[in-house]
Amino acid sequence: MLRLAAYQDDTRDRDRVANYPLKDATFTATPQMALTIAIGNTDRLPVMVLEDEELVGFLVLIKGDDVKEVGADPDVAILIRSVSVAENQRGKGYASRALQMLPEFVRRHFTFATTLVLSVDHGNLPAQKLYEKVGYVDTGRRGYGTYGEQYVLEQLI
């Protein structure tokens, strides 16, 4: 059964991340890269997408001033970063199911939050379609990253 769980920096979760197959991190950070920033940072919550006990996806939820980088209000918004699905688990619907579960997860962990926000690279068409499918809308705000223009999307929760 698919579920979302906060990453615990223990042997079990470190092993899950070490064995997570993601070689092409063109449009995202690997869990290892994301964790170097998130561990010890109270404004960042690494989240594992687990199918039974296997790590099939990963993302980071960010609160506080860092949400301002996409023009969002830190009093109500949670920024989603480093979304990925394990290379050997793609095409099974894990990303869309996890994103559909995310609002409830966020409401439990961040009771102030009313909005989820993320940015997606202009060239990452599969991700854009996924986010649209699960209810994210283009805010009209734009950012710029490694691969050029990024669209800022949000969903009310």
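Computed from the coordinates by the stated procedures, all read-outs in this text should not be read as laboratory data. What you are looking at is a predicted structure, and each value in this text was computed from that prediction instead of being measured. Cβ sites come from the backbone with ideal geometry, for glycine too, and all protein chains shown count toward neighbours.
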Only Lys, Arg (+1) and Asp, Glu (-1) charged, at Cβ; the chain dipole about Cα centre in debye: 240 debye
Magnitude of the Cβ-charge dipole (Lys and Arg +1, Asp and Glu -1) of region 1-56 about the Cα centre, nearest 20 debye, reported as 160 debye
With Rh as the Kirkwood radius over Cα pairs, region 35-128 has Rg/Rh of 0.96
DSSP-assigned coil residues among chymotrypsin sites (Phe, Trp or Tyr not before Pro) in region 110-139, each with at most 16 further Cβ atoms within 10 Å: Phe112
Once R0 is set to 35 Å, what does the formula 1/(1 + (r/R0)^6) return for the Cβ-Cβ distance between Lys133 and Asp10, expressed as a FRET efficiency to the nearest 0.05? 0.55
Length gained when the stretch Ile39-Met101 is fully extended (0.36 nm per residue, less Cα-Cα span): 20.0 nm
Centre separation in Å (Cα based) which lies between region 43-98 and region 1-20: 13 Å
Based on other C-beta atoms within 10 Å, arrange Asp65, Asp43, Asp13 from fewest to most. Asp65, Asp43, Asp13
Read-out percent of Cα pairs over 24 Å apart, derived from the coordinates shown; its label in (i) 27; (ii) 31; (iii) 38: (i)
